[in-house]
Amino acid sequence: MPTSTQDNTSKPKSTMTWLQAMFAGSVTGMVEVCTTGQILWSLKTQVEQGEPVTFNRRILYRGMPLNFLSMIPGTALQVGLNQGIKDRFMGGEPESYYQQFACSFSSGAVAAVVASPTEMVMTHLKQYTNKLKAPIQFIQQYGVRSLYTGFLGTVCRDGTFTSALFALTPILQHQFKKYCDDDRKTLIPAAVTAGIIVTPPSQVFDTIKGEQQKYTDKRASCKIANDLTT
């Protein structure tokens, strides 16, 4: 793969500010939760925890407010930080593929600060009768440090995801434009291809994170991580 994107002189520079990017990201996060995000997360968690898979709406949408609290600010941070890092350190647009991946991975890694504790609480949500008070009750029961069980796995998963979203997708789209010059027709194939490419590594990190978050005991979660990686 080439290491420079300077040959793409026709590529327009982004005029979006990081605040506009954060707003766009928050709307995207809200739409994702309302459409497929909540349902797919619930089904995945049922499988990971060895529970019977059910399409009962009360179970599928259990903890949806917490998912909003995770996805909306998390996606806003991913999109906003990606734009902010480019504006602050790269003059608006990265000059190489390496810079694109570094910038996009960093935005996902930082956003994991929001996603990790929320997903930890949601994993143990069924033990609390009052779902809105679950975060406070979880902290009182297990402590603040337990919120970040599986944090490294979340960082790697989200960084991999944002690398596909912000770096790999435009790179592939640029390659596809050799065969079709219409941005609208090349965007979806590029995004789908990028998603397929990063799914295997992202799944590995998400599985490790999910297995660790089954346990509130730090020592138990570390043992699970070691068992999965050896």
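Of all residues being of a type in the set (S, T, Y) and surrounded by 12 or more Cβ atoms within 10 Å (Cβ to Cβ) in segment 5-32, which is modelled with the lowest pLDDT? Just the residue, please. The extreme case among them is T5. Against the criterion of being outside any helix (DSSP H, G or I), free of Cβ contacts under 8 Å to residues at least 40 places away in the same chain and surrounded by fewer than 19 Cβ atoms within 10 Å (Cβ to Cβ), T35 does not qualify.
Yes or no, residue by residue, for (1) under 14 Å from the mean Cα position of the chain (by Cα); (2) modelled with pLDDT under 90; (3) in a helix (DSSP H, G or I); (4) under 25 Å from P117 (Cβ atoms):
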| site | (1), (2), (3), (4) |
| --- | --- |
| T162 | yes, no, yes, yes |
| L168 | no, no, yes, no |
| I171 | no, no, yes, no |
| Y179 | no, yes, no, no |
| P189 | no, no, yes, no |
| V198 | yes, no, yes, yes |
| P201 | yes, no, yes, yes |
| T207 | yes, yes, yes, yes |
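Evaluating K131 against the criteria (1) closer than 23 Å to T162 by Cα; (2) surrounded by 14 or more Cβ atoms within 10 Å (Cβ to Cβ); (3) not hydroxyl-bearing (S, T, Y) leaves one unmet condition, (1). Of everything listed in (1) at pLDDT 85 or above; (2) under 23 Å from Q38 (Cβ atoms), the single unmet condition for G143 is (2).
The values are calculated or read from the model by the stated rules, or taken from the named source; none is laboratory data. Note that this is a predicted model, so its numbers are computed, not measured. Every residue, glycine among them, receives a Cβ derived from its backbone with ideal geometry; neighbour counts consider all protein chains shown.
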